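As structure tokens, the structure follows; a few thoughts come after it.
The values are calculated or read from the model by the stated rules, or taken from the named source; none is laboratory data. Everything quoted here is computed from the prediction, not taken from an experiment. In this analysis, Cβ positions are derived from the backbone assuming ideal geometry, glycine residues included, and neighbour counts consider all displayed protein chains.
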Amino acid sequence: MLWSELTWSEIPEVLARVKGAALLPVGATEQHGPHLGCGVDSVIADELCRAVSAKTGVPMLPTLPYGCSLGHSQRWPGTIAVQPITLINLVKEIGTWAVHSGVRRLFIVNSHVTNAAPLRCALEMLRAEHDGLMVAVVNTATLSERVQRVHSSDAEDWHANDAETSLMLAMAPPMVRIERLAEADDPDRTGGAVFAHPVNRTSLNGVTGRPSEASAGKGQALFEWLVDDLSALILRGLAEEPPLPHSYSRHGH
């Protein structure tokens, strides 16, 4: 159920069936160590939302392939980052135009950790400007307890680790350089840190975790959990109404 494949005359009927819901996948383009392609986060967001859209009937807006990846620094080639304010404004404008097309429940599905703060800002602005719009930001790696446990099994401040490499082995094998896996492991050096250090000061090769332990089987199981848990959350959202019906404006009812 891809928004880009629907005609303008079909969109109102599609939205009516799902109470005005739409998915907005948000990824990133950034270095993922010596063994993974730079589009990992976008692939996860895109493939997950495609599967959930097919399962729930909720249309999926085109995936955003750029995110707030400033923390990956310029030490390694491959990262194409946008400023937080750029991502905030872009998502706000996308959300506003989605409202004009009939969207009333917007699920922003984010697969890059440091997109979370800008996306939360966009949520604040959208719901203040559009009284009839409900917005949720869902971060895939913390979607559920079981999903979060797998992501952080080899590193608390993980990146390009066992979980992400396993997902790529299952979802997009051409993204993985198998011959580089054995040498890609790098430990988490952020334990007890007070400051949020950029990756150039926490990793030798852009990795945090043990991608050498990855397998397609683990990746397939994790992807199925992601699809099931996000679909369940979406269906809960379709049934949810605001606890109180009050207008945002003090002059409303």
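All of (1) modelled with pLDDT of 95 or more; (2) more than 21 Å from Arg146 (Cβ to Cβ); (3) surrounded by fewer than 19 Cβ atoms within 10 Å (Cβ to Cβ) hold for Ser203 with one exception: (3). Looking only at residues of the range 139-178 that are among the charged types (D, E, K, R) and in a helix (DSSP H, G or I), we find that the one that is nearest to Leu36 (Cα to Cα) is Glu164. Checking Thr165 against (1) free of Cβ contacts under 8 Å to residues at least 24 places away in the same chain; (2) in contact with a Pro (Cβ under 6 Å, 6 or more places away or on another chain); (3) not acidic (Asp, Glu), which single condition isn't satisfied? Failing condition for Thr165: (1). On the stretch given as the range 179-216, residues that are over 22 Å from the mean Cα position of the chain (by Cα) and outside any loop (DSSP other than H, G, I, E, B) total 10.
Each row is one residue, and each column tells you yes or no for (1) in contact (Cβ under 8 Å) with a residue 24 or more places away in the chain; (2) within 30 Å of Leu204 (Cβ to Cβ).
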| position | (1), (2) |
| --- | --- |
| Ser101 | yes, no |
| Leu106 | yes, no |
| Ala116 | no, yes |
| Arg120 | no, no |
| Asp131 | yes, no |
| Ala141 | yes, yes |
| Ser144 | yes, no |
| Trp158 | yes, yes |
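For every residue, the table says whether it meets (1) surrounded by fewer than 23 Cβ atoms within 10 Å (Cβ to Cβ); (2) in a helix (DSSP H, G or I).
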position: Trp8; (1), (2): yes, no
position: Val14; (1), (2): yes, yes
position: Leu24; (1), (2): no, no
position: Asp41; (1), (2): no, yes
position: Ala45; (1), (2): no, yes
position: Cys49; (1), (2): no, yes
position: Val58; (1), (2): no, no
position: Pro77; (1), (2): yes, no
position: Asn89; (1), (2): yes, yes
